[in-house]
Amino acid sequence: MLPKPTSTQKDKKDVTYQYEGAELDAIIGGVDAFFKDRKYRVEAGEPGDVTYGLGSDLMRVLFGAFAKRYKFRAQITRPGDGGPVVFRLEKAMSGAMGGLIGHGKMTKEFNAIADAFEAGVG
């Protein structure tokens, strides 16, 4: 479970959330649970800097936009002494392998995930 962030900065490729007074491990665990609940798997990284993926690159190449493929990187840090926990979510792929439809689906998925974190998930 993740609380609502205290501040958010969003652009087309990434979004950064800050959590004042939160525990680093709680945010890392909440982000991991969020993606795993949605059937994403860890494709690379370690706690605090993980790439989550859903679907297959091969299927996307073979079937284009008809094959589901999403990949996101979650970086979670606490810069400085006792400052806020910073969670940066970014697209780890453009979706271009699926053409315009695939790119649109990737953008839609990114926005849905970003909105869920903005609202607080759990």
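Please treat every number below as a calculation from the coordinates, not as lab data. On a predicted model such as this, the values are computed, not experimentally measured, just so you know. With ideal geometry, Cβ positions are generated from the backbone for all residues, glycine too; neighbour counts draw on all protein chains shown.
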Task: Packing-based exposure ordering (other Cβ within 10 Å, fewest first) of 73, 38 - done: 38, 73
TODO: Go through the range 74-89 residue by residue and turn each phi into a ³J(HN,Hα) via Karplus (6.51, -1.76, 1.60, θ = phi - 60°); whole Hz please, and just put x for glycine and proline.
DONE: 10, 10, 10, 9, 10, x, x, 8, x, x, x, 6, 10, 10, 10, 10
TODO: Output the Cα-based Rg and Dmax of the range 7-113 in Å, rounding Rg to one decimal and Dmax to a whole number.
DONE: 14.7, 49
Task: Per-residue Cβ neighbour rank within 10 angstrom, fewest leading, 51, 77 - done: 77, 51
Open item on the list: Show me, for the range 26-36, the HN-Hα J-couplings you get by feeding each phi into the Karplus relation (A = 6.51, B = -1.76, C = 1.60, θ = phi - 60°), rounded to Hz, glycine and proline as x.
Closed with: 5, 5, 4, x, x, 5, 4, 4, 4, 5, 5
- [ ] Quote the charge dipole size of the range 7-113 about the Cα centre in Debye, to the nearest 20; the model charges only the Cβ of Lys and Arg (+1) and of Asp and Glu (-1).
- [x] 740
Task: Interchain or long-range residues, amide H under 5 Å from residue 93's placed H - done: 71
Task: Amide proton proximity set for residue 121, modelled H, under 5 Å, gap of 5+ - done: 2
TODO: Treat the count of other C-beta atoms within 10 Å as a stand-in for reagent exposure and order 93, 106, 1 from fewest to most.
DONE: 1, 93, 106
Open item on the list: Using helices alone, I'd like the mean residue ellipticity at 222 nm for the chain: each DSSP H run of four-plus residues gives -39500 (n - 2.57), total over residue count, nearest 500.
Closed with: -11000 deg cm²/dmol
